[in-house]
Amino acid sequence: MQWKSRSARLAASSLASLLLLAAPSTARAGSCDSAATVASDVWATYRKAVETLGCKTPLGGALEYGLCSATRLVNETMEDAVGWWNSGAQNRWPTIGPRVLGAEIEYGTVIAPTKRTFVSLVPSFNDGKIIVRGKEGTGVVTICAIDQAGKQYKLFNDVEVKGDRTFDISRKDAEGRILSVVIESRPVSFKYEVQKTEVPVEWNYGPIKGLADLHVHMAADLGFAGLWLRGSHDGPQNEALKSCRPLDLRDGVSLAIQLKGLPVIEKQKLHAIPLNWHHDEDEEVVLHGNGSAEGADSLKNWPHFSDIAHQQAHSDWLLEAHRKGLQLVVLSAVNNELLCRTLRAGLYEGDNKYACDDMSNLHRQLDAFNTLDQRHDWMEIALTPWHARRIIHEGKLAVVLSAESSHMMPPSEGDFKAQLDRMYQKGLRALQIVHERDDRFSGAAPHRPNFWWHQRTSNPFAWVTTTDDGSPFALDANGKNSRGLSGEGEQLIDAMVQRRMLIDVSHYSERAIVDLYKLVTTKYGNYPFHASHSRFQARLEKPERDLLKEFLTTDDQIAKIKAVGGMVGIRTGPTHTATDPASGVANDCPGSSKSYAQLVSYAKTQGLTVAFGSDFNGVTQEISPRVGDEGCYAARNAKRGVEAWNKDQRTVPGAVARFETQGLRHM
């Protein structure tokens, strides 16, 4: 790209003026046809520039590039566009055609029957004016707005100008469109000055106080082909959160559940078969909590803190969380093809309108997130860091879109970069490139044995294993997954960095995090990464460490995350933690807020930036109560028996928050 000073730009414009004097006009009177070709080229250049900046929105229409109207983005885009224009002036249409319409005053003389055409280099989004100053003679001015398809919208037609005339372009027809001004003389010559002024858009990008949740599967009711989660993420609660009906299972599945000794479960259109989610013989899996799940009428046991199959992030609850301090949330599209197919095979009456493949399920949820953005004025999808700050300073909830699945961007659907771009255009700005199993991009973090069937389905040879614990992963001498980032994984990371996306390392193998750290520190200058939902290895009891294996954040990883400016979302599960001496909180109620406090305190002592990593609707349990019969829930999971805990440890005198009596049930 050729760069020139203002004087050089004026020289180029003057050359164009001289040549244009000898060029007869072929366009009809009162039209902007002379701007049509250049407007098309301007749009193509503008689209390329702003998509590189990452400010294009997925909304389409006039709002598609509205975010790019921020002063700093306009300045950046204008610099690119002016350089491109001046480069083109040497051998393309600017030699005899339109000139730049902008804040700098353009001047000259137009002699009949010729015309002078001016074209803006960026679309109009802000309140502004076009000023035409007649110095000698009389002119006729036509002003048009031109959309991406080349359609012209006349804002002012054949307006006679003597002296100074100001045209207000603060109108709907101008929004999101390139502007053109055509000046003619009447009858012989017209000496003029012309410029476009806009009210600059300046947003508050200053510090932000509040809470963030880095991992919420809000629209999981649309994942898994709509067969797992009960309850919609949006709409009136009496419609979105209806009571459950008995689950009608195929005989083979029902018998297997009875033999496993699981409690009776109930039917819903989108529900769960808990057989594959049974952690061990002494851990209880609860679908409906303590009794039946009643819907919107009473919300009794809906949802329950240990519930894995009912909506926990309805939009009403998300709004309430925002009002109480949640400033940013990462909404993650999610799917698991094997779970989906298992559900479809196990139900007599499955809803078959959706397929089970990852990509269609992820796109359905991304589309739903964009619908939420359009329906609710208290939230907005954030496309850049400064956009997120603007949203929050305006009093709204900043929403970042992410995705998590085990068979993402498969080769059968073409080039993975093209697939990434398709999601990016829908607002995706964060991504986990691996989930419960090794994939084409990376090794996964082995954890609970009940998830090993994911890995076995991806590698038929994994059924035959030589590891002592029966792990289907290819473990090294230290018992860790030997797979790190693949060549394609490094290419995908490169594509994400080019698009300024957030790299989420949750579910990466330890080897993959080492590979990523080396890549981002040597090639990209400490490009940050984060873990959206994790726990700290150093603050878990040994049974928890043995169960979660590599799905943890180690002290070494904390150092790496801090070095690149990343952060961790602390998973809000009923975890049995070891005491952090600096916490000042008695760690006497396993799985409750007292246990969670140990993780938060440890992050503080390590100087690590943290947020919540709730994993709502992620087929996992949440923080348990510390008061009442279900208090200190992790004691049960730790095989100690909840009754072994002194009742006084689960009783707090006086009024307590509902959270302490019911646990973390929903947003």
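The values are calculated or read from the model by the stated rules, or taken from the named source; none is laboratory data. Here the structure is a predicted model, which means the values were calculated and not measured. In this analysis, Cβ positions are derived from the backbone assuming ideal geometry, glycine residues included, and neighbour counts consider all displayed protein chains. Side chains are part of the model used for accessible areas, which takes the heavy atoms of the whole protein and leaves out ligands, DNA and RNA. Shrake-Rupley method; radii C 1.70, N 1.55, O 1.52, S 1.80 Å.
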Legend entry - C-alpha center-to-center spacing [segment 475-491, segment 382-425] in angstrom: 25 Å
Inset, instruction - Collect residues whose amide H, placed 1.01 Å from N in the peptide plane, falls under 5 Å from the amide H of Lys135; neighbours closer than 5 in sequence don't count. - result: Lys191, Tyr192, Glu193
Inset, instruction - Return the whole-Å distance between the Cα centroid of segment 545-568 and the Cα centroid of segment 133-161. - result: 60 Å
Inset, instruction - Determine the share of segment 545-602's accessible area contributed by carbon and sulfur atoms, expressed in whole percent, with a 1.4 angstrom probe. - result: 56 percent
Legend entry - Largest to smallest accessible area among Thr142, Thr37 [probe 1.4 Å]: Thr37, Thr142
Inset, instruction - Bin all alpha-carbon pair distances of segment 408-546 at 5 Å intervals from 0 and give each bin's fraction as a whole percent. - result: 2, 9, 18, 21, 19, 15, 9, 5, 1, 0
Inset, instruction - Please give the solvent-accessible surface of Arg116 in Å², to the nearest 10, using a probe radius of 1.4 Å with every protein chain present. - result: 0 Å²
Legend entry - Å² of accessible area per residue within segment 368-417, as computed with a 1.4 Å probe and no ligands counted: 37 Å²
Legend entry - Which listed pairs, of Lys562/Lys594; Lys56/Lys115; Lys242/Lys324; Lys426/Lys480, have C-alpha distances above 32 Å, in listed order: Lys56/Lys115; Lys426/Lys480
Legend entry - Phi-based couplings in Hz for segment 507-522 (Karplus 6.51, -1.76, 1.60; Gly and Pro marked x): 6, 6, 5, 4, 5, 5, 5, 4, 4, 5, 4, 4, 5, 6, 7, 9
Inset, instruction - Grab the alpha carbons of segment 132-230, take their convex hull, and tell me the volume per residue in Å³. - result: 183 Å³
Inset, instruction - Taking only protein heavy atoms into account and a 1.4 Å probe, give the accessible area per residue of segment 167-235 in Å². - result: 37 Å²
Inset, instruction - Hey, can you grab everything whose amide H is under 5 Å from the amide H of Gly566? Only 5+ residues off in sequence or another chain; H modelled, so Pro and N-termini drop out. - result: Phe529
Inset, instruction - Mind running the shape call on segment 340-430? Use the C-alpha gyration tensor, a ≥ b ≥ c as the square roots of the eigenvalues: rounded below 1.5 for a/c, prolate if a/b tops b/c, oblate otherwise. - result: oblate
Inset, instruction - With a probe of 1.4 Å, find how much accessible area segment 437-590 has per residue, and write the answer as a whole number in Å². - result: 40 Å²
Legend entry - Local electrostatic count, Asp164, Cβ distance below 10 Å [Lys/Arg +1, Asp/Glu -1]: +3
Inset, instruction - Note down the net charge around Val140, summing +1 for each Lys or Arg and -1 for each Asp or Glu among other residues with Cβ under 10 Å from its Cβ. - result: -1
Inset, instruction - Amide H neighbours of Lys115 under 5 Å, at least 5 residues apart or on other chains, H built in the peptide plane: list them. - result: Ser25
Inset, instruction - Quick one: accessible surface of Thr522, probe radius 1.4 Å, all protein chains present, in square angstrom to the nearest 10. - result: 110 Å²
Legend entry - Calculated from backbone phi, Karplus (6.51, -1.76, 1.60) coupling profile of segment 475-489 in Hz, x at Gly/Pro: 8, 8, 5, 9, x, 9, 4, 7, 8, x, 6, 8, x, 5, x
Inset, instruction - With the full set of protein chains in place, find how many percent of the accessible area of segment 155-237 is carbon and sulfur; take the probe as 1.4 Å. - result: 49 percent
Legend entry - Charge sum, other residues only, whose C-beta stays under 14 Å from Ser189's C-beta, Lys/Arg counted +1 and Asp/Glu -1: +4
Inset, instruction - Keeping all protein chains in position, work out how much accessible area Lys56 exposes to a 1.4 Å probe, and write it in Å² to the nearest 10. - result: 40 Å²
Inset, instruction - Arrange the residues Lys209, Lys151, Lys129 by how much accessible surface each exposes, largest first, with a 1.4 angstrom probe. - result: Lys209, Lys151, Lys129
